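We did not get these values from a lab; they are worked out from the coordinates using the rules stated. None of these values were measured; they are calculated from a predicted model. For neighbour counting, all protein chains shown are included, and Cβ atoms are generated from backbone atoms with ideal geometry for every residue, glycine included.
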Amino acid sequence: MNFTKKAVASLAATTLLATGSVAVAQTTNLRIQTHYNSEQVSGQLAQEFFDKIETMSNGEINIEPFFASSVVKTVETFDAAATGILDCDMTGGAYQTGKNSAFQFVGDIMGGYSTPYQQLSWLYFGGGLEAAQELYNKFDMQLIGWWVYGQESLASKKPITGIADLKNWKFRSPPGMETKIFEKLGASPIVMDFTEVFTALETGIIDATDYSGLANNKSIGLYDLVKYSNFPGFHSMPSDHLACNKNVWDAMPEHHRAIISTAMESLALRTALTFEKANAEAAAELRQQGVTLSAWSEEDLATFRAAAQSTWPEFADTPEAKALVESHLAYLSQLGLVANN
């Protein structure tokens, strides 16, 4: 008996239905929180990342995003993901230094790498991801990757032209190593959540804030309140991460994990490139608006790097932290970025 191609296809489909062998696409639903506002450049990049994952997965991966730490506070996002309140944390490792000081060295080494590309190359080609994964797994989390927007700029009510301006300078600081470094240089860091910054500036609790990169700071209106900043930045280049509940991650189909990991690498590149352009544009616009941007001298930059790198051993008080510091120092030595003390 002769069958047409159409008849053969129809028969095959009927057979699959009868035997229950039709493959059903597995879906993955993720609740992800970031500390960025949806209006910020980083928030917009995060949304593009979510959209790209859903498109590449043909709708098999569904993401429910939460911006501006709308479910829990920024510092609580990691625990919320680990315990199932959320599925993934899209903030940064430096907020978890209270768990293990090693998180400082996957979140914001400070005074180390000069560009996002150097920092990302340590993660992907310098053994960083493997070393960091051991740390994350201890807390039932899986590190997927980083997105690094570059050096941050400070936003201040007072001039911030160099080390001398840090004396008695009250500013919002994230928890961890940054407070120790700036205290050594004469400043008065005050740890507070992102959500408290505007009120603290308006009421005079702080003179300035370490918030984000220049374009991000501008996009949320920080320079409507303060008229001094530094550019280019030097003190902090956070590695914002995507870290997911390990059980959730392990339960995903392999191709879902591959899609998310690949999208994360794309986000890393797009973030670094976007901010090179966005920060330059923001700098030009802010100068026109009367904001004073100060570039620090090489001498002041060297003083800061020395203070930062002398602080690393103080935070390398666990085996995981020591291993990460040694890994960073080996890589930074190759790049010629270790301070000469």
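For the chain, dividing the convex hull volume of the Cα atoms by the residue count gives 158 Å³ per residue. Across the range 33-144, the relative contact order, built from alpha-carbon pairs under 8 Å that are at least six residues apart, equals 21 percent. Taking 4 °C and 1.567 mPa s as conditions, the range 188-341 diffuses translationally at an estimated 68 µm²/s according to Stokes-Einstein applied to its Kirkwood radius (Cα pairs). Can you give the % of DSSP beta bridges in the chain that are antiparallel, to the nearest 5? Here the antiparallel bridges make up roughly 45 percent for the chain. Entry note, the chain: the mean residue ellipticity at 222 nm calculated from DSSP H runs of n ≥ 4, each adding -39500 (n - 2.57), is -14500 deg cm²/dmol after division by the residues and rounding to the nearest 500.
Compared with the alpha-carbon gap, the fully stretched path from residue 270 to residue 133 is longer by 47.0 nm at 0.36 nm per residue.
Checking the Cα-Cα distances for 138/180; 52/73; 73/277; 246/277; 138/322; 73/157 against a 28 Å cut-off, the pairs over it are 73/277; 246/277. Hydrodynamic radius of the range 259-330 by the Kirkwood approach over all distinct alpha-carbon pairs: 16.1 Å.
The residues neighbouring residue 211, those whose beta-carbon lies less than 9 Å from its own, together hold a net charge of -1 under the Lys/Arg +1, Asp/Glu -1 convention.
Extension gain for the segment residue 125 to residue 191, taken as residue separation times 0.36 nm less the Cα-Cα distance, is 20.4 nm to one decimal.
Helices meeting the span-like rule in the chain (full DSSP H runs, Cα extent of at least 30 Å along the helix axis, mean Kyte-Doolittle score of -1.0 or higher): 254-288. For the range 211-257, the Kirkwood hydrodynamic radius comes to 14.1 Å, computed from all pairs of different C-alpha atoms.
The label point for residue 310 and the one for residue 281, both projected 7 Å from the Cα toward the Cβ, are 4.2 nm apart. For residue 27, the shell of other residues with beta-carbons less than 12 Å away shows a net charge of -2, using +1 for Lys and Arg and -1 for Asp and Glu.
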